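First the structure, in the form of structure tokens, and then the observations on it.
Please treat every number below as a calculation from the coordinates, not as lab data. Remember, it's a predicted structure, so these values are computed and weren't measured experimentally. All Cβ positions, glycine included, derive from the backbone under ideal geometry; neighbour counts span all protein chains shown.
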Amino acid sequence: MDTLSRRKFLKLTSGAAAVGVASNFLSLDQIAQAAIDRPLAAGTPILVVVTLYGGNDGLNTVIPYKDPVYFSSRPDISYKAETMLPLDAELALNPNMAGIKGLWDQKKVAIIRGVGYPKPDHSHFSSMAKWQTASPERHISSGWLGRWLDSQPEDPMVAISLGSVLPPMLAGSKISGSALPLGGLVIPKGALATQCIQLSKAARTDSKLMAAAATSMRNLFNVSTNIQPILKMPAPVATDLPTVNGGNAGGDSNLSQQLDVVAKLISAGSPTKVWSVSLGGFDTHANEANAQAELLGVVSVSLTRFMSQLKSTSRSNDVTIMIYSEFGRRVKGNASQGTDHGTAGPMFLIGEKIKGGFYGDQPSLSKLIDGDLAVTTDFRDVYATVLESVLQSPAEQTLGKWAGRTDFLTKV
Amino acid sequence: MNSKRLEISRLFHRFGFGPRPGEYAQAVKNGVDSTRTNLVTVPEIDLGAARVLDPVITDLGQRPAPNSKEIVPFAIAMRFQSQQLILWWLDRMALSDHGLTERMTWFWHGHWATSIDKLNYPLPMFKQNKVFRAHALGNFNTMTKAMLNDGALQFWLDGQDSTVKAPNENLGRELMELFVLGVNRYTEDDVKAIARALTGYQVVRSNGNVTINQNRRDSKPVVLLGKTAVFNGDSLADFLVSRDDCAQFISERLWYRFISSSEDMTSDFAAKASFADRSIASAVTAMATDSSMSDSRYSLVKSPVEWFISACRALELTPSKLSTPGQLTSYLDKLSQVPFSPPNVGGWPAGEAWLSSATAQYRIAFATWLIKQSDLSVIKNIAPSARVSKSADWLGIPEWTPRTQNALRASISDPAQFVLLALCSPEYIVSA
């Protein structure tokens, strides 16, 4: 961040002081300085992971719209062919995903088809654990990005999850990511702050969990010192989207609020390489079509807006978005106009440097395994590519020896 | 660490919601055995709990049309009753003289995790909570039967939509995976079979009444875990609960919530053998006596509600009297734990999930708000020079580390800051 924007930055934060949000003028300068001290080097790739909790129905996301089996398997929850957004002669996007269709047309979207892992698990918790630990065969407690963090210098700013509970994905064996709730963090001041910092020191007799409690207090001071002033800045402008009533079309949602904060922090140069955001509610056992379309609409609108906001920053070429869910859903609908837990589903990778198009084979609707789609791509292929090409780190320290890759990124 | 103080601290914080002022010091005098016997023996009458009157929760009936005249009073009643429900339960946790019943009710709420966010009616959740309390220390088979007839659980897991024509697997799968047997102790074919066996339930959403519609039931035999039979709810519970996997699973869950969420259950964990007749009380008593209780490896993070209630007990505050109830639920929401609203059917997270920089901040804000509503006489009545040493007894903490002693000693002349630091210390957030 240059001096001009630093001044602007201070002006904005002292404006906040005037209305009583922050009261200590002197430390504002220090806080601003801290946030500016070590901005992410220009051109450093940034990963934004979007987790869709509940098991997104992949077949109603990327729809085999020419396949009669699709319509006959789920008569109550299939969409009308004419409302879908065709991607090619066989597959179409959910009718509510116009924004992502636009990015697809600009070749910024890679869709990896049929992604999963061997011996699919139909439990939300087990399956999400497999995705987040990247260890489908045996249970381990560290997350795949947590293990990547273990290999990085310790810095609570490197990986940040929006929301107050840290996803297992970002928990390493030694180092974990930080959680940032919407609305930001309020840091204690004065004598109390001094004593809180005293409480955050390690004690010789601390159990592992007590040490973690002390660390969480320490991270509060580290993260909030750097981030709080930036949160008070306006979100970057979405340059090329129509504005309706002061906000961009599509309305607010928690996901778009999360992405707003991420966009602000990326734009301010936060030294963060991994962001995690999420949206829940995809467990559509009942009355699926409307509920899922609404959720996918939120995903599409929020991410399109996010991509557009990034354009007004210098970082738009650096960001790669990865979207996944713990499983797809059963091909055949149930009695509740919904679908039960299934297996493979599509992953989306979005970004300026993405080589747009389809990767992996589309699972056949006529060759089901116990009523479920076959997995055609292992998610570790995608993770390995993300680790190497986005995070520029060896995949082996995180995934062990894993040969598969998915070539969705333009080589620099 | 003094193992007597450790074990007594664990008994208070894990088998109840923490000590009231004076209780821990007295218990240390009485010794571990006497304290344990007291804490696992439920008295006939609990005067503290009896002071908490049941809330008036009514059947609010069908939701009026949007924009109709009736929707406004409906929405107001819905919000008011839902809030009364939460306050009632928090009061029971904070005011009970004997902690174990509410502690186990809380455990079962996290086990059969059902959220009002899908039900959108308070009455079924109120009824379910009473089922948890009635069976909290009873027989697990009887509890499972009661839960299959529980409207809130049935609705939450789409049981009311599961028919012979198209069974919905949601309830059946979770019954095996999360409630009775544990994951991977059945096959996908078993999931399909149990879904058929559980067809036909119908639920009145607004009041949780459950009926069985024989026309929607699949009455053909199914093959479930190797047994071919026509099951109904009761025979299904009998069959599943009698399996060895059930004892394994329930003892794993007890271990996870009472002993350690990060270390594996020991092979000789006493709760398992004592669960042979599916008596929950026997398993809990055995767990309280297990050698793991005095093993310093097994520390446990207090969840936000556990932490909040233990602070209320220490400060002698009544949750429903805090100003305002809306702020109280907002603080709990920021810490991601509001009773009756678990995040999903797997229940609340545990361990390090509660130890982020965000929760650290919210805990400070929450504690600051609580402390403002207490007269702090419990600390003010101690001479400043004795505050550091006596406060460990007050909160039921085995010992303060030198780190925390330093922070507290710097605050002995500022009772509010002293209490805030004590409540937000690693020693209080984590049960040693």
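Of the strands (runs of 3 or more DSSP E) contained entirely in the range A:319-393, those carrying at least 1 residues that are touching a Ser or Thr at 6+ places or on another chain (Cβ under 6 Å) and closer than 15 Å to residue A:407 by Cα fall at A:345-351, A:357-359.
With respect to the conditions (1) assigned to a loop (DSSP other than H, G, I, E, B); (2) within 12 Å of another protein chain (Cβ to nearest Cβ); (3) touching a residue at least 24 places away in the same chain (Cβ under 8 Å), residue B:166 falls short on a single one, namely (3).
The set of residues from the range A:157-184 being over 15 Å from residue B:361 (Cα atoms) and part of a loop (DSSP other than H, G, I, E, B) comprises A:157, A:158, A:167, A:172, A:173, A:174, A:175, A:177. For the criterion of being within 14 Å of another protein chain (Cβ to nearest Cβ) and polar (S, T, N, Q), residue A:337 passes. Annotation note: of B:114, B:142, the sole residue that is of a type in the set (S, T, N, Q) and crowded, with 24+ Cβ neighbours inside 10 Å is B:114.
Listed conditions (1) among the basic types (Lys, Arg); (2) within 30 Å of residue B:287 (Cβ to Cβ); (3) within 13 Å of chain A (Cβ to nearest Cβ) are all met by residue B:257, apart from (3). No other residue among B:285, B:289, B:324 is of a type in the set (S, T, N, Q) and more than 30 Å from residue B:248 (Cβ to Cβ) apart from B:324. Against the conditions (1) surrounded by fewer than 21 Cβ atoms within 10 Å (Cβ to Cβ); (2) closer than 23 Å to residue B:280 by Cα; (3) within 14 Å of chain A (Cβ to nearest Cβ), residue B:178 satisfies every one except (1). All conditions in (1) in contact with a strand residue (DSSP E or B) (Cβ under 9 Å, 6 or more places away or on another chain); (2) away from chain A (no Cβ under 14 Å); (3) small (Gly, Ala, Ser) hold for residue B:251, with the sole exception of (1).
Are any residues in the range B:329-378 surrounded by 23 or more Cβ atoms within 10 Å (Cβ to Cβ) and farther than 29 Å from residue A:141 by Cβ, and if so, which ones? Listed by number, the list holds a single entry, B:367.
With respect to being touching a residue at least 40 places away in the same chain (Cβ under 8 Å) and out of contact with any Leu (no Cβ under 7 Å at 6 or more places or on another chain), residue B:268 falls outside the description. For the range B:332-374, the candidate set comprises residues that are touching a strand residue (DSSP E or B) at 6+ places or on another chain (Cβ under 8 Å) and under 15 Å from residue B:308 (Cβ atoms); within that set, the residue that is farthest from the other protein chains (Cβ to nearest Cβ) is B:354.
Within the bounds of the range A:285-302, is there any residue that is in a loop (DSSP other than H, G, I, E, B), in contact with a helix residue (DSSP H, G or I) (Cβ under 8 Å, 6 or more places away or on another chain) and on the phi < 0 side of the Ramachandran plot? Scanning the range A:285-302, I find at least one residue that is in a loop (DSSP other than H, G, I, E, B), in contact with a helix residue (DSSP H, G or I) (Cβ under 8 Å, 6 or more places away or on another chain) and on the phi < 0 side of the Ramachandran plot, so the answer is yes. The helices (runs of 4 or more DSSP H) found entirely in the range B:375-432 that carry 1 or more residues being touching a residue at least 60 places away in the same chain (Cβ under 8 Å), more than 12 Å from chain A (Cβ to nearest Cβ) and of a type in the set (Phe, Trp, Tyr) are B:387-395.
Per-residue answers, yes or no, for (1) of a type in the set (Lys, Arg); (2) within 7 Å of chain B (Cβ to nearest Cβ); (3) touching a residue at least 24 places away in the same chain (Cβ under 8 Å):
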residue	(1), (2), (3)
A:161	no, no, yes
A:166	no, yes, no
A:181	no, yes, no
A:200	no, no, no
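Residue under question is residue A:137, and the condition is that it be of a type in the set (D, E, K, R), assigned to a helix (DSSP H, G or I) and more than 28 Å from residue A:353 (Cα to Cα); does it hold? When the stated conditions are applied, residue A:137 does not pass them. Here residue B:307 meets each of (1) outside any helix (DSSP H, G or I); (2) of a type in the set (Phe, Trp, Tyr); (3) within 12 Å of chain A (Cβ to nearest Cβ); (4) touching a residue at least 60 places away in the same chain (Cβ under 8 Å) with one exception, condition (1).
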